[in-house]
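Colleague: Pasting in a structure now, in structure tokens, and then I'll have a few things to ask.
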Amino acid sequence: LCSFLGLLYQEYRDKSTREEIETRRLQDSQTDPEETSPSEETPSEAESTSTIENKAPPQINLLRNSNSRFNLWQDLPEVQSSGVLSILQPDEIKLQEAMFELVTSEASYYKSLNLLVSHFMENERLKKILHQSEAHILFSNVLDVMAVSERFLLDLEQRVEENIVISDVCDIVYQHTVNHFSVYITYVSNQTYQERAYKQLLQDKPAFREVISQLELDPKCKGLSFSSFLILPFQRITRLKLLVQNILKKVEEKSDRESTALDAHKELETVVKACNEGVRKMSRTEQMISIQKKLEFKIKSVPIISHSRWLLKQGELQQMNGPKTSRTLRTKKLFREIYLFLFNDLLVICRQIPGDKYQVFDSAPRGLLRVEELEDQGQSLANVFILRLLENADDREASYMLKASSQSEMKRWMISLAPNRRTKFVSFTSRLVDCPQIQCVHPYVAQQPDELSLELADVLNILDKTDDGWIFGERLHDQERGWFPSSMGEEILNPKIRAQNLKECFRVHKSDDSQRRKLGSRNRQ
């Protein structure tokens, strides 16, 4: 295979995303992105195809030729010697590279999965230490995942070997996603238990800890941790969707290849969503049970646990005492601490009491909350906002004047409490308006439910930002929203690149009418 096949998937993915970041940086620094000169002569598509079809297909065995030193389709000796590079149009070469990357990255991923199984899972010392049930939680259905990857890779490899110029790969992606990729949902849904079991084993079994450390030191692992191998399937299914998006951006509009790519993307999106839901469901259920145990109701009790309810944000705020008219700016005694639990459909207002418990003294449906920022009222009223409950626990309207610890904390509470408020910048889906954008250059793991985990090279529209270094953004490829530190990214300054990013995003989602309606409704918020 190409040089990437010498890499484990973790290395491949890191290299690939860093190249993506550098490419975007380069484009962003150009005031006028280069355009193909009209004087350049390029043969017609029909002429190109007929010339290519006359050439005998070379044999490129991707699974076995792992010592080859090429990382691009156009660098393959078979491609270079064939003469197709002088025949194909530049756009077609870019498309070939995008399809080739999907194939080579699958080969690298398969190699890493194989190492997880042969080096860790099948290690005799590890087998003796782990009880069968522990091994099952730790490795889940990874053998099924690996078998699916192998079958997928063999079909992709066969396609590449049919002809030097790859006809398509998205039809294969579509078939495998529909028929086989459900194994990913099973694996990823087990992630919460897998992480917990791994931490517990490290803590409780010194022999397990010792064997894992020794196995990680093996040169085969290239300094990568055992946990980086365990998370591979989740990373791969998400990345596969992005690779198909990359192909979709490069295929000719209204062509068969566009139709196939849209179908493949839609099916992958369904699997990715099911994976995300699987993970969330496991952790949310446990979280809700834990919260229920901590609450004591001073008012009429509200059942907290529900299959359709989850936590959006929790934390402490300062409540201003007394009516607005009698307030003075003298001391912090004006405020007393309250604690909020905000769920997707309900707000519960409490005071913390001894024993890590919370006494609930008010509540309201989330849809009946309104927030209002106080204009600059001096230092003691900085970061203060008013929360109105249109109908509280006593079926009356109630107002709370609340002070947050920082500007970002105030904005985060206001956006979580009343998501329909307009943000500082127009929402992503307004599209016609040039919205600020940022590219992620450092990965970020969300620490709170209202935060967004970021992968390298993610591009986001900036919906709001704070003076103390936080951004509220909406990721282009999946429309997920959340807060993250501004230090994780670099703003995209070139308006042409921002417009291109939006245009590509609409194209990816254009086949899904319900998606468009969803985007449109968000735009009106």
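Colleague: On a C-alpha basis, how far is the centre of region 439-487 from the centre of region 282-308 in Å? Whole number, if you could?
Modeller: Centre-to-centre distance over Cα atoms comes out at 29 Å.
Colleague: Find, among the trypsin sites (Lys or Arg not before Pro) in region 68-168, those assigned to loop by DSSP (not H, G, I, E, B) with at most 11 other beta-carbon atoms within 10 angstrom. It would help to have the intermediate numbers written out before the result.
Modeller: Numbers: sites: R69, K94, K111, R125, K127, K128, R151, R159; in loops: R69.
Here the trypsin sites (Lys or Arg not before Pro) that fit, given the DSSP loop and packing criteria, are R69.
Colleague: Now a separate question. Rolling a 1.4 angstrom probe over the protein chains, ignoring ligands and nucleic acids, what is the accessible area of V508 in square angstrom, nearest 10?
Modeller: The accessible area of V508 comes to roughly 10 Å².
Colleague: Among rounded, prolate and oblate, which fits region 64-290 when a ≥ b ≥ c are the square roots of the eigenvalues of its C-alpha gyration tensor, a/c under 1.5 means rounded, and a/b larger than b/c means prolate?
Modeller: Details: a/c = 2.95, a/b = 1.65, b/c = 1.78.
Here region 64-290 falls in the oblate category.
Colleague: For every other residue with a beta carbon closer than 11 angstrom to the beta carbon of K298, add +1 if it is Lys or Arg and -1 if Asp or Glu, then tell me the sum.
Modeller: Values: positive: K300, R351; negative: E296, D362.
Cβ neighbours under 11 Å give a net charge of 0.
Colleague: What accessible area per residue comes out for region 64-290, rounded to a whole number of Å², with a 1.4 Å probe? Intermediate results must be reported in sequence, preceding the final value.
Modeller: Working: 10330 Å² over 227 residues.
Computed with neighbouring chains in place, this is 46 Å² per residue.
Colleague: Sticking with this one: Select from region 355-408 those trypsin sites (Lys or Arg not before Pro) which occupy a DSSP coil region and have at most 15 other Cβ atoms within 10 Å, ordered by residue number.
Modeller: Numbers: sites: K357, R366, R370, R388, R396, K403; in loops: R396.
Loop-located and lightly packed - R396.
Colleague: For L116, what accessible area in Å² do you get when you roll a 1.4 Å probe over the heavy atoms of the protein chains, rounding to the nearest 10?
Modeller: Result for L116: roughly 0 Å² accessible.
Colleague: Can you give the extra length, in nm with one decimal, that the chain gains between E162 and R366 once fully stretched, where that is 0.36 nm per residue apart less the Cα-Cα distance? Numbers along the way, then the final one.
Modeller: Working: separation 204, 0.36 × 204 = 73.44 nm, distance 5.72 nm.
Extra length available between E162 and R366 comes to 67.7 nm.
Colleague: Another question, if that's okay. When the chain is fully extended, how far beyond the present Cα-Cα distance does D467 get from K298, taking 0.36 nm per residue of separation? Don't skip to the answer; put the middle values down first.
Modeller: Numbers: separation 169, 0.36 × 169 = 60.84 nm, distance 3.82 nm.
Full-extension gain reported as 57.0 nm.
Colleague: Here's another thing I want to ask about it. Could you calculate the FRET efficiency of Q287 with R25 from 1/(1 + (r/R0)^6), where r is the beta carbon distance between them and R0 is 51 Å, rounded to 0.05? Write down the numbers at each step before the final one.
Modeller: Numbers: r = 39 Å, r/R0 = 0.76.
The computed FRET efficiency comes out at 0.85.
Colleague: Let me check something: with ligands and nucleic acids excluded, how do S81, S189 order by accessible area (1.4 Å probe), largest to smallest?
Modeller: Values: S81 100, S189 20 Å².
I get S81, S189, largest accessible area first.
The values are calculated or read from the model by the stated rules, or taken from the named source; none is laboratory data. Just so we're clear, the structure is a prediction, and the values are computed from it rather than from any experiment. Methodologically, a virtual Cβ is constructed for each residue, glycine included, from the backbone with ideal geometry; neighbour enumeration extends over all protein chains shown. Ligands, DNA and RNA are stripped out before the accessible areas are found, and what is left, the full protein with its side chains, is counted by its heavy atoms. Shrake-Rupley method; radii C 1.70, N 1.55, O 1.52, S 1.80 Å.
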